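Q: Below are the structure tokens for one structure; questions will follow.
The values are calculated or read from the model by the stated rules, or taken from the named source; none is laboratory data. Just so you know, these numbers come straight off a predicted model, no measurement behind them. So basically every Cβ, Gly included, is an ideal-geometry build from the backbone, and we count neighbours across all protein chains shown. Accessible surface is based on the protein model in full, side chains and every heavy atom, while ligands, DNA and RNA are left aside. Shrake-Rupley method; radii C 1.70, N 1.55, O 1.52, S 1.80 Å.
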Amino acid sequence: MNKDFDILILGGTVFDGSGNPGVRADVAVIGDKIALVEASLEGRSAEKVIDARNLAVAPGFIDPHSHTDVELLVNPRAESKVRQGVTTEVAGNCGFTTFPLNPLNFEKTSVYLKEKYNLDLNWSDVETFFLRLRERGMAVNYATLVGHGNVRGVVLGMDDRCATGDEIERMRVIVRKHMEAGVFGLSSGLIYTPGCYADREEIVALCGEVAQFNGIYATHMRNESDSLIEAVEESIHVAEESKVSLQISHIKLAYPRNWPKVHQVLSRVSQVAQGGVKIMADRYPYIATSTFLSVLMPPWLRKGSTEEYLCRLKDPQYEAMIQEHVRDQEVRIGSWDTIRISSVVTEENRRFIGKTIEEAAKALGKAPYEFIRDLLVSEKDQVEMINFSLNEDNFRQIIVHPLVVIGSDGWALAPYGPLGRSKPHPRSYGTFPRILGRYVREENILTLGEAIRKMTSQTASKFGIPLRGWLRAGFFADLVVFDPGTVSDQATWDDPHRYPAGIPHVIVNGKAVIEDGNHTGQLPGRILLKEKPIRLVY
């Protein structure tokens, strides 16, 4: 006997993504689309029926700030993300992508992927990377930006200098080709090499190309602490000059002396938006950042190849200058006890994972500077850290701002296999349920409808992701069913590989990926491409 639908979700409180309160309704799915959303579909039949009484039904969450890429090749189940209700990842943030790769970056990336994940690097461009993802399959949808660091690396390598006019034109061509291939825009990481060597004019020129395709410029700004205001102004200038749609990545204020700047920053975002600048920001709900340990080193030291950088780091002639820079970092940070080592590559140094710099240095009888230097050399610069430098009250003010959406700044990880070896920031497992549990249910600083809007339609609209982010007939059936009374994050700083609670069902493109809290093994995710570019004339 034929069934009316493939999936029926009955009796739930449906939140459509608009920000409005939920309404009692039933949801029907046929194939990969939502077929009906009606007050009652009782009596209709389906291959799968989900009892959603006392549960919320929402569009699948869209993470606008993800670093997931090769992780989907290592483990396509996307465990830590899909179990949060994330159905779409927007990757390629902070200036980093796995494409395009010049010969130097190809070799460096190849060694890193082999050592860390036993993964062969068999692509160098975006089209081939997309092909690898499609061949492997994945549990979530994947959209991506292209990293400015990679684009610059192809043309200038790791040179610490401004680009010439010819080099900027070559970079524009690369950006244009990636936009034509379907990426959603350009990202920058202006504290990382080689992005930090770029001047404002270079960024404006490349963003001008992105704007011609109605794309996004997502920026990890040049500074998020003492020079934050100047960095915000630089980002706004880029948007004003290039007409690009600006996304300020993980908007935050590091270290106590900068926390009072929150009002100035948020007011400025509101002001320029009212003036016509297309601007938004994203943020994760934690008081610590996470990045590479190497950012503690001076930018001039990090130019060139990894081998050249590490040679300078070991060279006695530079030691006094490096130590002075690191001492300045210590003053800025306040204490080495606020920074934890979260990831290394070698087995020998795994003993330091989860320890603070102060603890690890003391255990070895070394000064903190010596420990940092020796660890970077030993690990060939592949060390990640967690830095407790943010403020909870600041976060509350940031997240209620109408132009700030929810983004994890994390990866699709798993508690088992190669992706479970480090002690990552818990945001990779807990970002979205933490918002729903702590800040909606417990603190009531956001309504449930508004929080869901910040996780769905607002992000889809900003990035131009069609037919997703809303729970409406005709839209793709990316859906999450959760318990508003119990949904919560379980990942902690000491035990970050823990799945959240209260999210029993997640559907991606009409297929149940999470069913009764268990992963089904289905891999229905798709590569999302920017719609056929419309060249705009200003």
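Q: Being touching a helix residue (DSSP H, G or I) at 6+ places or on another chain (Cβ under 7 Å) and touching a residue at least 24 places away in the same chain (Cβ under 8 Å) is true for just one of Leu121, Leu145, Leu133. Which residue is that?
A: Within the list Leu121, Leu145, Leu133, the selection yields Leu133.
Q: So if I check each of Ser408, Ser342, which one is part of a loop (DSSP other than H, G, I, E, B) and in contact (Cβ under 8 Å) with a residue 60 or more places away in the chain? Reasoning before the result, please.
A: Details: Ser342 fails: part of a loop (DSSP other than H, G, I, E, B).
Answer to the check: Ser408.
Q: Does Val210 satisfy the criteria of being among the β-branched types (Val, Ile, Thr), open to solvent by 10 Å² or more (accessible area, probe 1.4 Å) and out of contact with any Lys or Arg (no Cβ under 6 Å at 6 or more places or on another chain)?
A: Details: among the β-branched types (Val, Ile, Thr): yes; open to solvent by 10 Å² or more (accessible area, probe 1.4 Å): no; out of contact with any Lys or Arg (no Cβ under 6 Å at 6 or more places or on another chain): yes.
No: the conditions fail for Val210.
Q: Check whether at least one residue in the range 274-289 is assigned to a loop (DSSP other than H, G, I, E, B) and either over 23 Å from Gly407 (Cβ atoms) or acidic (Asp, Glu) (or both), and report yes or no.
A: Looking for residues that are assigned to a loop (DSSP other than H, G, I, E, B) and either over 23 Å from Gly407 (Cβ atoms) or acidic (Asp, Glu) (or both), one finds at least one in the range 274-289, hence yes.
Q: Okay, moving on. Please work out if Ile435 is within 18 Å of the chain's Cα centre (by Cα), of a type in the set (A, V, I, L, M, F, W, C), buried (at least 18 other Cβ atoms within 10 Å of the Cβ) and not in a loop (DSSP other than H, G, I, E, B).
A: Yes.
Q: Now for a separate question. Taking Pro21 as meeting all but one of (1) at pLDDT 95 or above; (2) farther than 23 Å from Thr447 by Cβ, write down the number of the exception.
A: (2)
Q: Something else about it: Kindly evaluate Ser428 against the criterion of being of a type in the set (Gly, Ala, Ser) and in a loop (DSSP other than H, G, I, E, B).
A: For Ser428, the condition - of a type in the set (Gly, Ala, Ser) and in a loop (DSSP other than H, G, I, E, B) - is not met.
Q: Being open to solvent by less than 20 Å² (accessible area, probe 1.4 Å) and either over 29 Å from Leu113 (Cα atoms) or under 24 Å from the mean Cα position of the chain (by Cα) (or both) is true for just one of Ile357, Ile341. Which residue is that?
A: Step by step, each of Ile357, Ile341 is checked, and only Ile341 is open to solvent by less than 20 Å² (accessible area, probe 1.4 Å) and either over 29 Å from Leu113 (Cα atoms) or under 24 Å from the mean Cα position of the chain (by Cα) (or both).
Q: Same structure again: Against the condition small (Gly, Ala, Ser), open to solvent by less than 10 Å² (accessible area, probe 1.4 Å) and either in contact with a helix residue (DSSP H, G or I) (Cβ under 6 Å, 6 or more places away or on another chain) or closer than 23 Å to Leu419 by Cβ (or both), how does Ala163 come out, does it pass?
A: The answer is no for Ala163.
Q: Name the one entry in Leu246, Leu253 that is free of Cβ contacts under 8 Å to residues at least 60 places away in the same chain and within 20 Å of the chain's Cα centre (by Cα). I'd like the intermediate steps shown before the answer.
A: Details: Leu253 fails: free of Cβ contacts under 8 Å to residues at least 60 places away in the same chain.
When all the criteria are applied, what remains is Leu246.
Q: Looking at the range 51-67, which of its residues are in a strand (DSSP E or B), of a type outside the set (Gly, Ala, Ser) and touching a residue at least 60 places away in the same chain (Cβ under 8 Å)?
A: Passing the criteria: Val57, Pro59, Phe61, Ile62, Asp63.
Q: Report, by residue number, each residue of the range 486-510 that is outside any loop (DSSP other than H, G, I, E, B) and more than 23 Å from Leu8 (Cβ to Cβ).
A: Looking only at the range 486-510, we keep the residues that are outside any loop (DSSP other than H, G, I, E, B), and these are 488, 501, 505-508.
Ser488, Ala501 - these are the residues of the range 486-510 that are outside any loop (DSSP other than H, G, I, E, B) and more than 23 Å from Leu8 (Cβ to Cβ).
Q: Take the range 465-487 and flag every residue that is among the small types (Gly, Ala, Ser) and surrounded by 17 or more Cβ atoms within 10 Å (Cβ to Cβ).
A: Within the range 465-487, Gly469, Ala477 meet the criteria.
Q: From the list Glu107, Glu38, Glu71, which residue is within 22 Å of the chain's Cα centre (by Cα), of a type in the set (Asp, Glu) and more than 16 Å from Ile507 (Cα to Cα)?
A: Step by step, each of Glu107, Glu38, Glu71 is checked, and only Glu71 is within 22 Å of the chain's Cα centre (by Cα), of a type in the set (Asp, Glu) and more than 16 Å from Ile507 (Cα to Cα).
Q: Could you identify the single residue in Val480, Val513 that is of a type in the set (A, V, I, L, M), in contact with a Gly (Cβ under 7 Å, 6 or more places away or on another chain) and outside any loop (DSSP other than H, G, I, E, B)? Write out each step before concluding.
A: On the way: Val513 fails: in contact with a Gly (Cβ under 7 Å, 6 or more places away or on another chain).
Step by step, each of Val480, Val513 is checked, and only Val480 is of a type in the set (A, V, I, L, M), in contact with a Gly (Cβ under 7 Å, 6 or more places away or on another chain) and outside any loop (DSSP other than H, G, I, E, B).
Q: Taking interchain pairs and intrachain pairs at least six residues apart, which have beta carbon atoms under 8 angstrom, with the first residue in the range 294-307 and part of a helix (DSSP H, G or I) and the second among the acidic types (Asp, Glu) and open to solvent by 20 Å² or more (accessible area, probe 1.4 Å)?
A: From residues that are part of a helix (DSSP H, G or I), the pairs are Ser294/Asp381; Pro299/Asp160; Trp300/Asp160; Thr306/Asp381.
Q: Okay, moving on. State which residue is nearest to Leu253 (Cα to Cα) when the search covers only the range 307-335 and only residues that are open to solvent by 20 Å² or more (accessible area, probe 1.4 Å) and among the hydroxyl-bearing types (Ser, Thr, Tyr).
A: Here the answer is Ser335.
Q: If Phe99 satisfies all but one of (1) in a loop (DSSP other than H, G, I, E, B); (2) more than 21 Å from Ile465 (Cα to Cα); (3) open to solvent by 10 Å² or more (accessible area, probe 1.4 Å), what's the number of the condition it fails?
A: Evaluating Phe99 over (1) in a loop (DSSP other than H, G, I, E, B); (2) more than 21 Å from Ile465 (Cα to Cα); (3) open to solvent by 10 Å² or more (accessible area, probe 1.4 Å) leaves (3) as the failure.
Q: Only one of (1) more than 30 Å from Ile248 (Cβ to Cβ); (2) of a type in the set (Lys, Arg); (3) at pLDDT 95 or above fails for Lys81. Which number is that?
A: (1)
Q: Filter the range 364-396 down to the residues that are surrounded by 17 or more Cβ atoms within 10 Å (Cβ to Cβ) and free of Cβ contacts under 8 Å to residues at least 24 places away in the same chain and list them by number.
A: Phe371 - this is the single residue of the range 364-396 that is surrounded by 17 or more Cβ atoms within 10 Å (Cβ to Cβ) and free of Cβ contacts under 8 Å to residues at least 24 places away in the same chain.
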